[in-house]
1. Among residues belonging to segment 195-206 that are more than 25 Å from D119 (Cα to Cα) and part of a strand (DSSP E or B), point out the one that is most open to solvent (accessible area, probe 1.4 Å).
2. I want to confirm something. Restricting to segment 30-72 and keeping residues that are touching a helix residue (DSSP H, G or I) at 6+ places or on another chain (Cβ under 7 Å) and crowded, with 16+ Cβ neighbours inside 10 Å, which single residue is modelled with the lowest pLDDT?
3. Taking only pairs six or more apart or across chains, which ones have beta-carbon atoms under 7 Å, a first residue in segment 50-76 that is within 20 Å of D116 (Cα to Cα), and a second residue that is among the acidic types (D, E) and open to solvent by 40 Å² or more (accessible area, probe 1.4 Å)?
4. Which members of segment 81-95 meet the condition of being assigned to a loop (DSSP other than H, G, I, E, B) and either exposed (fewer than 13 other Cβ atoms within 10 Å of the Cβ) or touching a residue at least 40 places away in the same chain (Cβ under 8 Å) (or both)?
5. Where the second residue is part of a loop (DSSP other than H, G, I, E, B) and open to solvent by 50 Å² or more (accessible area, probe 1.4 Å) and the first is within 17 Å of S173 (Cβ to Cβ) and of a type in the set (V, I, T) and lies in segment 185-206, which pairs have Cβ atoms under 8 Å and are six or more apart or on separate chains?
6. Only residues in segment 146-175 that are assigned to a loop (DSSP other than H, G, I, E, B) and surrounded by fewer than 15 Cβ atoms within 10 Å (Cβ to Cβ) count as the first member; pair them with residues that are at pLDDT 95 or above and of a type in the set (A, V, I, L, M), Cβ under 6 angstrom, at least 6 apart or cross-chain, and list the lot.
7. Filter segment 96-144 for residues that are among the hydrophobic types (A, V, I, L, M, F, W, C) and part of a loop (DSSP other than H, G, I, E, B) and give the result.
8. List, please: which pairs have Cβ atoms under 7 Å, are six or more places apart or on different chains, and start with a residue in segment 106-135 that is closer than 25 Å to E59 by Cα and end with one that is of a type in the set (D, E) and in a loop (DSSP other than H, G, I, E, B)?
Amino acid sequence: MKKIARIHSPYKEKFSIPRQPGLTSIESTIELLPPFNRTEALMGLEAFSHLWVIFEFHEVKPTDESSLTVRPPRLGGNTKQGVFATRSPFRPNNVGLSLVKIERIEGTKIVVSGGDFLDQTPVYDLKPYLKEIESKPEAVSGWTDEMEVKRLSVVFKCECDFELKDKIVDILSLDPRPRFHEDGYKTYGSRLFNVDVHWEVLDNTVFVTKILT
(Lines give C-alpha, C1' and ligand atoms only; values in the text may rest on other atoms or scores of the structure.)
Protein backbone atom coordinates (compact mmCIF):
# COMPACT_ATOMS: atom_id res chain seq x y z
CA MET A 1 0.00 0.00 0.00
CA LYS A 2 1.44 3.35 -1.05
CA LYS A 3 0.89 6.44 1.10
CA ILE A 4 -0.47 9.04 -1.30
CA ALA A 5 -1.06 11.95 1.09
CA ARG A 6 -0.66 13.27 4.61
CA ILE A 7 -3.20 15.13 6.73
CA HIS A 8 -2.47 18.35 8.59
CA SER A 9 -4.96 18.53 11.43
CA PRO A 10 -5.53 20.70 14.53
CA TYR A 11 -5.69 17.51 16.62
CA LYS A 12 -2.11 17.09 17.84
CA GLU A 13 -2.90 14.10 20.07
CA LYS A 14 -5.54 11.38 20.05
CA PHE A 15 -7.39 12.79 23.08
CA SER A 16 -10.11 15.28 21.97
CA ILE A 17 -10.46 13.91 18.41
CA PRO A 18 -14.21 13.51 17.65
CA ARG A 19 -15.33 9.90 17.91
CA GLN A 20 -16.82 10.05 14.42
CA PRO A 21 -16.36 12.25 11.32
CA GLY A 22 -18.83 15.00 10.51
CA LEU A 23 -19.50 16.07 14.10
CA THR A 24 -17.59 19.36 13.83
CA SER A 25 -16.88 21.99 11.19
CA ILE A 26 -13.15 22.00 12.00
CA GLU A 27 -10.92 22.11 8.90
CA SER A 28 -7.99 19.85 8.05
CA THR A 29 -5.76 19.79 4.98
CA ILE A 30 -4.95 16.72 2.89
CA GLU A 31 -1.62 17.26 1.14
CA LEU A 32 -0.66 14.94 -1.71
CA LEU A 33 2.82 13.39 -1.44
CA PRO A 34 5.37 12.74 -4.22
CA PRO A 35 5.00 11.31 -6.81
CA PHE A 36 1.23 11.89 -6.55
CA ASN A 37 1.42 15.62 -5.81
CA ARG A 38 0.33 16.70 -9.28
CA THR A 39 -2.77 18.80 -9.93
CA GLU A 40 -3.95 16.36 -12.59
CA ALA A 41 -4.60 13.80 -9.84
CA LEU A 42 -7.37 16.05 -8.48
CA MET A 43 -8.86 17.07 -11.82
CA GLY A 44 -12.67 17.00 -11.57
CA LEU A 45 -12.76 16.61 -7.79
CA GLU A 46 -13.88 20.24 -7.39
CA ALA A 47 -17.31 19.19 -8.72
CA PHE A 48 -17.92 16.92 -5.70
CA SER A 49 -19.03 18.06 -2.25
CA HIS A 50 -17.78 15.14 -0.14
CA LEU A 51 -14.86 12.75 -0.08
CA TRP A 52 -14.09 9.32 1.34
CA VAL A 53 -10.66 9.22 2.99
CA ILE A 54 -8.93 5.86 3.51
CA PHE A 55 -6.19 6.37 6.07
CA GLU A 56 -3.92 4.75 8.64
CA PHE A 57 -4.36 4.88 12.42
CA HIS A 58 -0.65 5.54 12.61
CA GLU A 59 -0.32 5.90 16.37
CA VAL A 60 -2.39 2.88 17.37
CA LYS A 61 -0.55 -0.09 18.82
CA PRO A 62 -0.88 -3.43 16.97
CA THR A 63 -4.03 -5.34 17.96
CA ASP A 64 -3.83 -8.49 20.06
CA GLU A 65 -5.40 -10.96 17.64
CA SER A 66 -6.28 -13.36 20.45
CA SER A 67 -9.33 -11.14 21.04
CA LEU A 68 -11.62 -9.85 18.31
CA THR A 69 -13.91 -7.85 20.57
CA VAL A 70 -13.72 -4.21 21.69
CA ARG A 71 -15.53 -2.09 24.28
CA PRO A 72 -17.06 0.90 22.42
CA PRO A 73 -16.93 4.18 24.42
CA ARG A 74 -20.53 4.93 23.38
CA LEU A 75 -21.62 1.86 25.36
CA GLY A 76 -19.83 3.09 28.46
CA GLY A 77 -16.73 1.00 27.91
CA ASN A 78 -18.34 -1.97 29.63
CA THR A 79 -20.12 -3.82 26.82
CA LYS A 80 -18.24 -5.89 24.27
CA GLN A 81 -18.94 -5.88 20.53
CA GLY A 82 -17.24 -7.73 17.70
CA VAL A 83 -14.49 -5.57 16.21
CA PHE A 84 -16.18 -5.65 12.80
CA ALA A 85 -19.41 -4.29 14.34
CA THR A 86 -17.59 -1.17 15.49
CA ARG A 87 -15.46 1.66 14.14
CA SER A 88 -12.78 1.19 16.78
CA PRO A 89 -9.23 2.06 15.65
CA PHE A 90 -8.04 -1.15 17.33
CA ARG A 91 -8.41 -3.47 14.34
CA PRO A 92 -6.49 -6.31 12.64
CA ASN A 93 -5.34 -3.69 10.11
CA ASN A 94 -4.98 -0.08 11.29
CA VAL A 95 -7.12 1.27 8.45
CA GLY A 96 -9.74 3.97 8.87
CA LEU A 97 -12.50 5.27 6.59
CA SER A 98 -14.02 8.73 7.03
CA LEU A 99 -16.43 10.86 5.02
CA VAL A 100 -15.53 14.56 4.97
CA LYS A 101 -16.78 17.71 3.25
CA ILE A 102 -14.60 19.31 0.59
CA GLU A 103 -14.23 23.01 1.39
CA ARG A 104 -11.77 23.95 -1.36
CA ILE A 105 -8.85 22.68 -3.41
CA GLU A 106 -5.57 24.58 -3.34
CA GLY A 107 -3.18 23.14 -5.91
CA THR A 108 -2.33 19.66 -4.63
CA LYS A 109 -3.96 20.25 -1.25
CA ILE A 110 -7.59 19.54 -0.31
CA VAL A 111 -9.07 21.52 2.57
CA VAL A 112 -11.83 19.45 4.19
CA SER A 113 -14.10 19.86 7.21
CA GLY A 114 -15.54 17.38 9.66
CA GLY A 115 -12.47 15.16 9.80
CA ASP A 116 -11.54 12.95 12.75
CA PHE A 117 -7.83 12.72 11.92
CA LEU A 118 -4.76 12.95 14.10
CA ASP A 119 -2.20 15.40 12.77
CA GLN A 120 0.22 13.81 10.26
CA THR A 121 -2.16 10.93 9.48
CA PRO A 122 -1.01 8.99 6.39
CA VAL A 123 -3.59 8.57 3.59
CA TYR A 124 -3.81 5.53 1.31
CA ASP A 125 -6.61 6.61 -1.03
CA LEU A 126 -9.27 9.23 -1.76
CA LYS A 127 -12.63 8.52 -3.40
CA PRO A 128 -15.47 10.94 -4.19
CA TYR A 129 -18.76 10.37 -2.39
CA LEU A 130 -21.64 9.46 -4.71
CA LYS A 131 -24.96 10.41 -3.13
CA GLU A 132 -27.02 8.65 -5.78
CA ILE A 133 -25.42 5.32 -4.89
CA GLU A 134 -24.10 5.59 -1.35
CA SER A 135 -26.90 7.49 0.42
CA LYS A 136 -29.21 4.96 2.08
CA PRO A 137 -31.89 6.76 4.16
CA GLU A 138 -33.47 3.40 5.05
CA ALA A 139 -30.24 2.03 6.52
CA VAL A 140 -30.16 0.60 10.06
CA SER A 141 -27.24 1.45 12.34
CA GLY A 142 -27.33 -1.47 14.73
CA TRP A 143 -26.47 -0.78 18.36
CA THR A 144 -25.84 2.93 17.61
CA ASP A 145 -29.36 3.64 16.30
CA GLU A 146 -30.82 4.90 19.58
CA MET A 147 -27.82 6.99 20.60
CA GLU A 148 -27.88 10.77 20.39
CA VAL A 149 -24.85 12.99 19.97
CA LYS A 150 -24.32 14.57 23.38
CA ARG A 151 -23.16 18.19 23.53
CA LEU A 152 -22.15 20.09 26.64
CA SER A 153 -22.13 23.83 27.32
CA VAL A 154 -18.66 25.40 27.18
CA VAL A 155 -17.71 28.33 29.42
CA PHE A 156 -14.37 30.16 29.27
CA LYS A 157 -12.69 31.22 32.52
CA CYS A 158 -9.75 32.67 30.61
CA GLU A 159 -9.07 34.93 27.64
CA CYS A 160 -9.24 33.39 24.19
CA ASP A 161 -9.02 34.62 20.61
CA PHE A 162 -12.55 34.87 19.15
CA GLU A 163 -11.91 32.64 16.13
CA LEU A 164 -10.06 30.04 18.19
CA LYS A 165 -12.80 30.15 20.81
CA ASP A 166 -15.48 29.00 18.37
CA LYS A 167 -13.29 26.10 17.26
CA ILE A 168 -12.55 25.01 20.81
CA VAL A 169 -16.27 25.10 21.64
CA ASP A 170 -17.00 22.95 18.56
CA ILE A 171 -14.58 20.29 19.83
CA LEU A 172 -15.07 20.33 23.60
CA SER A 173 -18.87 20.48 23.44
CA LEU A 174 -18.73 16.89 22.15
CA ASP A 175 -17.38 15.82 25.56
CA PRO A 176 -14.13 14.09 24.61
CA ARG A 177 -13.65 12.58 28.07
CA PRO A 178 -13.28 8.80 28.36
CA ARG A 179 -16.73 7.41 29.08
CA PHE A 180 -15.71 5.93 32.44
CA HIS A 181 -14.98 9.47 33.72
CA GLU A 182 -18.35 10.98 32.80
CA ASP A 183 -19.78 10.82 36.30
CA GLY A 184 -16.68 12.18 37.98
CA TYR A 185 -14.80 15.43 38.16
CA LYS A 186 -11.33 15.85 36.73
CA THR A 187 -9.16 18.41 34.97
CA TYR A 188 -8.21 17.59 31.40
CA GLY A 189 -5.94 19.03 28.77
CA SER A 190 -4.93 18.48 25.17
CA ARG A 191 -2.97 20.09 22.35
CA LEU A 192 -5.27 21.81 19.84
CA PHE A 193 -4.34 24.34 17.14
CA ASN A 194 -0.79 24.64 18.55
CA VAL A 195 -2.02 25.67 22.00
CA ASP A 196 -2.51 23.66 25.19
CA VAL A 197 -6.14 23.80 26.29
CA HIS A 198 -7.00 22.89 29.89
CA TRP A 199 -10.54 22.33 31.06
CA GLU A 200 -12.71 20.71 33.67
CA VAL A 201 -16.24 19.35 33.59
CA LEU A 202 -18.86 19.96 36.24
CA ASP A 203 -22.65 19.54 36.00
CA ASN A 204 -22.55 18.91 32.23
CA THR A 205 -20.62 22.11 31.59
CA VAL A 206 -17.07 22.35 30.26
CA PHE A 207 -15.05 25.12 31.94
CA VAL A 208 -11.97 26.12 29.98
CA THR A 209 -9.50 27.22 32.65
CA LYS A 210 -6.24 27.85 30.78
CA ILE A 211 -4.96 28.25 27.23
CA LEU A 212 -1.18 28.10 26.95
CA THR A 213 0.86 28.85 23.83
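The values are calculated or read from the model by the stated rules, or taken from the named source; none is laboratory data. Remember, it's a predicted structure, so these values are computed and weren't measured experimentally. Counting neighbours? That spans all protein chains shown, and the Cβs are built from the backbone with ideal geometry, glycine included. With ligands, DNA and RNA removed, areas are computed over all heavy atoms of the protein, side chains included. Shrake-Rupley method; radii C 1.70, N 1.55, O 1.52, S 1.80 Å.
1. Per the criteria, the residue is L202.
2. By that ranking, first place goes to V70.
3. I54/D125
4. Of everything in segment 81-95, those that are assigned to a loop (DSSP other than H, G, I, E, B) and either exposed (fewer than 13 other Cβ atoms within 10 Å of the Cβ) or touching a residue at least 40 places away in the same chain (Cβ under 8 Å) (or both) turn out to be R87, P92, N93.
5. V201/Y185; V201/K186
6. Between residues of segment 146-175 that are assigned to a loop (DSSP other than H, G, I, E, B) and surrounded by fewer than 15 Cβ atoms within 10 Å (Cβ to Cβ) and residues that are at pLDDT 95 or above and of a type in the set (A, V, I, L, M), the close pairs are C158/I211.
7. Selection gives F117, L118, L130, A139, V140.
8. Close Cβ pairs satisfying both conditions: L118/E59.
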